[in-house]
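Shown next, in structure tokens, is the structure this report addresses.
The values are calculated or read from the model by the stated rules, or taken from the named source; none is laboratory data. Just so it is clear, the model here is predicted, and its values are computed rather than measured. No Cβ is skipped: glycine too gets one built from the backbone with ideal geometry, and neighbour counts run over all protein chains shown.
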Amino acid sequence: MSAVFRSLPAAVALRAKFSLPPQNPLFLLTFHRSKLSPIKILQKRVFSSAFASSSSSETLSVATPKQVNSAGDSNTNALQWVSRTDFCGELSEPDIGKRVRLCGWVALHRVHGGLTFLNLRDYTGVVQITTLPDEFPQAHSVVNDLSIEYVIAVEGVVRRRPTEAINKKLKTGSIEVAAERVDVLNAVKTKLPFLVTTAEDAKDSAKEEIRLRYRCLDLRRPNMHSNIMLRHRVVKLIRRYLEDVHGFVEIETPILSRSTPEGARDYLVPSRIQPGAYYALPQSPQLYKQMLMVSSFDKYYQIARCFRDEDLRADRQPEFTQLDMEMAFTPLEDMLKLNEDLIRKVFLEIKGIELPNPFPRLTYAEAMSRYGSDRPDMRFDLELKEVIPLLTCFHCFLSFL
């Protein structure tokens, strides 16, 4: 009981700080029946009360630094969600005269002829924002204080660019947004480790270690973003083709499994429930897909994650993703045709490249005799040639001399 009375001043202080409703003081006497300390129980009551009050409101009420928007209003207590009406890269000439609200990152900031311009970027692309200092001085003032990679919300009207200012390199190069209101959602308060927005032909000076350390910045770069989107489009196309055209079923197989003898070492995960035992991460879903075929699933596929504890090489890495599939009662030629058709479709729809139909085929013996490898690079005409007959003739000629 002495611990209870010692915690009583702390309880009174917490109740005064968080303005909790009056409670029966006898609730403190129940502390000894619980495994939680008095402070933990009080914290639990405080957080439960705060959650209940915040969930009943539509406005996110959080403590944020003081922010000033282009209307001159300051807000020190609450941050309201900003609802955008359009995306930066999807605006075009039919939208001229439309009032829009955009959200994104400042990709470029420049001052020219008394006007301030910036490029606003989101995942769809870039659009130019211009200011009107005479009509909307507050928005002009806020834009002047911005810097690269600030997160802002812009409200304004889409208008046509002057003929001499049209940028044909941009999808939105013929239009711009005249800013009437600008809100800073998140400011950049420290120097960036590397520039996010650079020219496509500029040499990347940032080291890979720095880019990986600041991965969220690295993925904002156009080339890195396009790589992620390319992978998404390929996987989406594979899924639609296998499911809608050939009737495949996508099944997810376990990641934690028992170690099985395969070509490489397994990554091991200790088991907390069974001390001394370990799970293994799969090198490929080989056993699982065979079980599925035995279980009468006719066509199976999976965009599978694979793990192999190997030393790094040109074509090896610790984890990778592969398309894994299995078909029951299917001859070899049907399996090869399905894969060839899938690869042709991916290259045609993603990159517009037409691949030959059918693919050239080589036997293992022919590949080794002509190219010296079971994975020959046929983009070059470099082949191995049999020179023993020539050497024999040359030896005979030397013997005759």
Residues in segment 276-296: is at least one touching a Pro at 6+ places or on another chain (Cβ under 7 Å), of a type outside the set (A, V, I, L, M, F, W, C) and within 30 Å of residue 152 (Cβ to Cβ)?
no
Out of 210, 166, 175, I need the residue that is at pLDDT below 95 and under 22 Å from residue 117 (Cα atoms). Which one?
166
Note on residue 312: of the conditions (1) exposed (fewer than 13 other Cβ atoms within 10 Å of the Cβ); (2) under 26 Å from residue 252 (Cβ atoms); (3) within 25 Å of the chain's Cα centre (by Cα), unmet is (2)
Pairs, please: C-beta under 8 Å, at least 6 apart or cross-chain, first residue in contact (Cβ under 8 Å) with a residue 12 or more places away in the chain and in segment 358-380, second of a type in the set (Asp, Glu) and exposed (fewer than 10 other Cβ atoms within 10 Å of the Cβ)?
371/377
Please go through segment 139-181 and give me each residue that is polar (S, T, N, Q) and within 19 Å of residue 122 (Cα to Cα), ordered by number.
147, 167, 172, 174
Please enumerate the residues belonging to segment 322-349 that are outside any loop (DSSP other than H, G, I, E, B) and either polar (S, T, N, Q) or touching a strand residue (DSSP E or B) at 6+ places or on another chain (Cβ under 9 Å) (or both).
322, 323, 324, 325, 326, 327, 334, 335, 338, 339, 342
Search segment 351-370 for residues being outside any loop (DSSP other than H, G, I, E, B) and loosely packed, with under 13 Cβ neighbours inside 10 Å, and hand back the single one that is nearest to the chain's Cα centre (by Cα).
351
Is it true that some residue in segment 120-137 is charged (D, E, K, R), in contact (Cβ under 8 Å) with a residue 12 or more places away in the chain and outside any loop (DSSP other than H, G, I, E, B)?
yes
Would you pick out the residues in segment 99-126 that are crowded, with 19+ Cβ neighbours inside 10 Å, farther than 11 Å from residue 179 by Cβ and either β-branched (Val, Ile, Thr) or over 32 Å from the mean Cα position of the chain (by Cα) (or both)?
106, 126
Checking residue 341 against (1) surrounded by 12 or more Cβ atoms within 10 Å (Cβ to Cβ); (2) outside the structural domain of residue 297 (by TED's automatic domain parsing): exactly one of these is not met. Which one?
(2)
Consider residue 336 carefully, then state whether it is surrounded by 13 or more Cβ atoms within 10 Å (Cβ to Cβ) and either outside the structural domain of residue 233 (by TED's automatic domain parsing) or under 30 Å from residue 267 (Cβ atoms) (or both).
no
Under 7 Å between Cβ atoms, which residue pairs at least 6 apart in sequence (or on different chains) link something in segment 278-297 that is modelled with pLDDT under 95 with a partner that is among the small types (Gly, Ala, Ser) and part of a helix (DSSP H, G or I)?
none
Looking only at segment 145-163, how many residues end up being part of a loop (DSSP other than H, G, I, E, B) and of a type in the set (A, V, I, L, M)?
2
